[in-house]
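The values are calculated or read from the model by the stated rules, or taken from the named source; none is laboratory data. The structure displayed is predicted, hence computed values, not measured ones. In this analysis, Cβ positions are derived from the backbone assuming ideal geometry, glycine residues included, and neighbour counts consider all displayed protein chains. Side chains included, ligands, DNA and RNA excluded: accessible areas come from the protein's heavy atoms. Shrake-Rupley method; radii C 1.70, N 1.55, O 1.52, S 1.80 Å.
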Amino acid sequence: MFNEQQSGKMWSGRFREPLDPAFEQWQRSITFDWRLLPQEVAASKAHASALRAAGVLTESEATELRAALDAIAAEHASEAGKAAVRDHPTAEDIHHFVELTLVERIGSLGLKLHTGRSRNEQIATDLRLYVRKHIEQVIEGIAAWARALIQKAQSAGDKVMPSYTHLQRAEPVLVAHWLLAYVEMILRDEARLQDCAARLNYCPLGSGAVAGATLALDRSIAARELGFTAPTANSIDATSDRDFILDYLQALTFVGLHLSRFAEEITLFTTAEFGFVVLPEAFSTGSSAMPQKKNPDLTELIRAKVGRIHAAAEAVTLQLKGLPLAYNKDMQETQEPAFAVEFVAPMLALVARFTAALRFDFERMRVAATTGYLNAMAAATYLVHKGVPFRKAHEKIGNAVRFAIDKGVELGDLTLEELRQFGEEFGPDFYPAVSLQSTLDCHNVIGGTARERVREALHEASRRLAALNPHATEAAHAGA
């Protein structure tokens with residue numbers, strides 16, 4: 001006997017008993033996949049185009065459907081409209097919501113849209129469109145942060161700071177060289193995201209539930225309208241593939257890692273113990289107990305956010321592990337981790353503004369870079385140019401450093417007579433060879449901190465940033 005209680009479902013025909021009410025609420029995804037309304041509308045319009053080309057819809061029917069879909073998207077674009085989708089009392093998911101709303105507005109024509117397609121291909125398409133859109137937003141955020149870093153590097157000029165290994169002072173470097181290290185990191189992040197966008201940019205529409213559409217649809221129509229490179233090559237893979245979500249989350253994990261490393265260094269450098277960076281008040285908070293405090297809440301929170309991103313990637317990894325082909329309801333659980341990282345793009349925009357507001361204590365940085373024997377490597381290189389094997393040069397300078405420590409002076413303060421007790425190779429030209437400028441410029445290789453090399457690197461970073469394309473596909477206008 002036909003079950004009236006199930007008549008609103010998209011799958012009701014085969015069932016006699018109503019769903020358990022608690023289970024019905026528990027298995028619904030509309031409470032989170034409401035975010036996919038723009039993508040669902042765009043994909044449905046593209047499917048309508050394919051149905052029109054196949055002769056399933058007339059031109060007037062296709063036009064009416066597309067207009068109704070546009071109206072649904074426009075009506076629910078506001079915060080109140082989004083809430084209405086999320087809180088819909090009967091829709092199981094975003095696909096069900098759109099179909100119910102279409103039927104309310106244009107009658108049985110709304111039911112005709114589902115001809116030749118399955119929710120399995122719909123969600124696979126919607127999620128690809130969603131991830132593609134958010135990749136574009138993250139890349140825009142990366143570009144903003146890179147721009148702020150490059151501007152800071154340019155304004156720093158030839159100012160110096162100590163570099164560190166093992167968190168111990170190592171050698172002097174240009175402040176610009178340090179900042180450009182982060183530019184390199186995040187431009188790699190941009191490349192990973194572009195790679196992800198290129199891999200996901202194939203259209204599942206026409207894949208059906210698992211075996212392909214039962215109508216002779218021209219799949220290239222929908223793919224082209226949505227800005228995809230081409231239709232997917234295999235219907236089983238297309239409906240069960242969530243690699244692109246994991247790919248996206250893993251790429252974002254790298255973004256989070258690099259943000260966290262930057263945040264950690266800034267947090268350290270703003271302490272009184274370092275004092276290299278002045279913490280902007282607009283991005284700081286105080287203490288409810290200690291009136292003198294200015295706390296780096298922004299950098300501390302950024303440092304922590306990578307945990308949320310990585311957790312999302314780990315969740316999807318475990319959700320996909322061991323799943324048989326093709327679609328399984330488990331895949332519903334991959335959506336919330338993808339939605340959970342929407343904060344990344346706004347966070348990058350915030351970091352860009354924070355970076356622009358940073359002020360450096362260049363004098364304190366200079367003092368730190370010119371004390372503590374940071375020119376020892378340059379001193380050893382001086383001896384190498386005198387024909388001393390590097391291992392011997394290293395030992396001679398190490399002995400000289402120990403002597404200088406005992407005397408309480410820097411290497412450049414030792415007399416020539418004192419230096420010559422460690423080797424007859426020392427001459428008056430030793431002193432200019434271990435000056436700050438020489439210590440910087442002896443690193444005259446591609447990627448080194450020599451002043452001319454850093455100027456070249458700044459120019460190249462600016463060029464790469466200008467060429468950076470925040471749009472992951474050729475058809476970002478697809479509205480997805």
### Task
Scan the stretch 275-288 and give yes if some residue there is in contact with a Pro (Cβ under 6 Å, 6 or more places away or on another chain), modelled with pLDDT of 95 or more and of a type in the set (Gly, Ala, Ser), otherwise no.
no
### Query
Can you pull out the residues in the stretch 375-389 that are open to solvent by 80 Å² or more (accessible area, probe 1.4 Å) and assigned to a helix (DSSP H, G or I)?
Met377, His385
### Query
Is there any pair with a first residue in the stretch 115-135 that is under 18 Å from Pro38 (Cβ atoms) and a second that is basic (Lys, Arg) whose Cβ atoms are under 8 Å apart and which are 6 or more apart or on different chains, and what are they?
Leu127/Arg242; Tyr130/Arg35
## Note on the structure
Quick count over the stretch 93-115, residues being outside any helix (DSSP H, G or I) and buried (at least 21 other Cβ atoms within 10 Å of the Cβ), is 2
#### Entry: Verdict on Glu104 being farther than 27 Å from Ala213 by Cα and free of Cβ contacts under 8 Å to residues at least 12 places away in the same chain
no
### Query
Out of Glu265, Glu273, which single residue is open to solvent by 20 Å² or more (accessible area, probe 1.4 Å) and assigned to a helix (DSSP H, G or I)?
Glu265
### Task
Report whether or not Ser49 is at pLDDT 85 or above, open to solvent by less than 10 Å² (accessible area, probe 1.4 Å) and in contact with a helix residue (DSSP H, G or I) (Cβ under 7 Å, 6 or more places away or on another chain).
no
### Task
Could you check, for the stretch 164-178, whether at least one of its residues is assigned to a helix (DSSP H, G or I), charged (D, E, K, R) and either in contact with a helix residue (DSSP H, G or I) (Cβ under 8 Å, 6 or more places away or on another chain) or free of Cβ contacts under 8 Å to residues at least 24 places away in the same chain (or both)?
no
### Message
Of the residues Ser260, Ser155, only one is open to solvent by 50 Å² or more (accessible area, probe 1.4 Å) and outside any loop (DSSP other than H, G, I, E, B); which?
### Response
Ser155
### Query
Between a first residue in the stretch 257-281 that is free of Cβ contacts under 8 Å to residues at least 12 places away in the same chain and a second residue that is in a loop (DSSP other than H, G, I, E, B), which pairs have beta carbons less than 7 Å apart while being 6 or more apart in sequence or on different chains?
Leu268/Phe274; Phe269/Phe276
## Note on the structure
The condition of being closer than 21 Å to Gln137 by Cα, open to solvent by less than 80 Å² (accessible area, probe 1.4 Å) and among the aliphatic types (A, V, I, L, M) holds, among Ala251, Ala315, Ala238, Ala326, only for Ala251
### Task
Kindly check whether there is at least one residue in the stretch 238-252 that is charged (D, E, K, R), in a loop (DSSP other than H, G, I, E, B) and touching a residue at least 60 places away in the same chain (Cβ under 8 Å).
yes
### Query
Consider Gly372 against the criteria (1) in contact with a strand residue (DSSP E or B) (Cβ under 6 Å, 6 or more places away or on another chain); (2) part of a helix (DSSP H, G or I); (3) surrounded by fewer than 18 Cβ atoms within 10 Å (Cβ to Cβ); (4) not hydroxyl-bearing (Ser, Thr, Tyr): it satisfies all of them except one. Which criterion is unmet?
(2)
### Task
Residue by residue through the stretch 435-448, note down the ones that are open to solvent by 10 Å² or more (accessible area, probe 1.4 Å) and closer than 27 Å to Val409 by Cβ.
Ser435, Leu436, Gln437, Ser438, Asp441, Cys442, His443
### Query
How many residues are touching a Ser or Thr at 6+ places or on another chain (Cβ under 9 Å), more than 19 Å from Val341 (Cβ to Cβ) and open to solvent by less than 40 Å² (accessible area, probe 1.4 Å) if we restrict to the stretch 285-306?
3
### Message
With among the aromatic types (Phe, Trp, Tyr) and either within 30 Å of Glu452 (Cβ to Cβ) or surrounded by 17 or more Cβ atoms within 10 Å (Cβ to Cβ) (or both) as the only criterion, which of Phe422, Phe403 stands out?
### Response
Phe422
## Note on the structure
Sole miss for Asn469 among (1) modelled with pLDDT of 95 or more; (2) closer than 30 Å to Ala143 by Cα; (3) open to solvent by less than 90 Å² (accessible area, probe 1.4 Å); (4) touching a helix residue (DSSP H, G or I) at 6+ places or on another chain (Cβ under 9 Å) is condition (1)
#### Entry: When residues of the stretch 426-472 are limited to those that are of a type in the set (Ser, Thr, Tyr) and outside any loop (DSSP other than H, G, I, E, B), the one farthest from Lys386 (Cα to Cα)
Ser462
